[in-house]
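In what follows, a structure is listed as structure tokens, so that the remarks can point back to it.
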Amino acid sequence: MTIVALVLAAFGDLTILLAADGLIRFSDVYMRSHAAGKAATLGVCCVMLGSAFGLGGAGALIRALLTVVFLFVTIPVGAQLIARAAL
């Protein structure tokens, strides 16, 4: 389980780093919204699942899965609303 946790956390960290790079480099507000909405969602979810596997136990896994579901619902909706406000 430790290897799975480290791989998920490392992939999540790399994805968040690429999302931050996209926020800095992209010139248009729509491309920035896309970078923040897609890559940051995947990165945070991977970090959460990696921490759940690292901690072990059913309680940590349930909390991480609920957090992942909440993030998958709220972050893309927020990015869509920001893009509509920019329009």
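The values are calculated or read from the model by the stated rules, or taken from the named source; none is laboratory data. None of these values were measured; they are calculated from a predicted model. Here Cβ is always computed from backbone atoms with ideal geometry, including for glycine, and neighbour counts include all displayed protein chains. What goes into the accessible areas is simple: the full protein's heavy atoms, side chains included, and nothing from ligands, DNA or RNA. Shrake-Rupley method; radii C 1.70, N 1.55, O 1.52, S 1.80 Å.
Quick notes
- Flag: Thr41 matches the condition of being modelled with pLDDT under 90, crowded, with 16+ Cβ neighbours inside 10 Å, under 28 Å from Ala86 (Cβ atoms) and within 15 Å of the chain's Cα centre (by Cα).
- Of all residues in the stretch 68-78 being within 24 Å of Leu8 (Cα to Cα) and touching a residue at least 24 places away in the same chain (Cβ under 8 Å), the one that is most open to solvent (accessible area, probe 1.4 Å): Phe72
- For the stretch 1-38, a tally of residues being surrounded by fewer than 15 Cβ atoms within 10 Å (Cβ to Cβ) and either among the aromatic types (Phe, Trp, Tyr) or touching an Asp or Glu at 6+ places or on another chain (Cβ under 6 Å) (or both) returns 1.
- Whichever residue in the stretch 37-87 is hydroxyl-bearing (Ser, Thr, Tyr) and in contact with a helix residue (DSSP H, G or I) (Cβ under 7 Å, 6 or more places away or on another chain) and, among such residues, is nearest to Leu17 (Cα to Cα): Thr41
- Within the stretch 44-57, being modelled with pLDDT of 90 or more and of a type in the set (Gly, Ala, Ser) holds for Gly50, Ser51, Ala52, Gly54.
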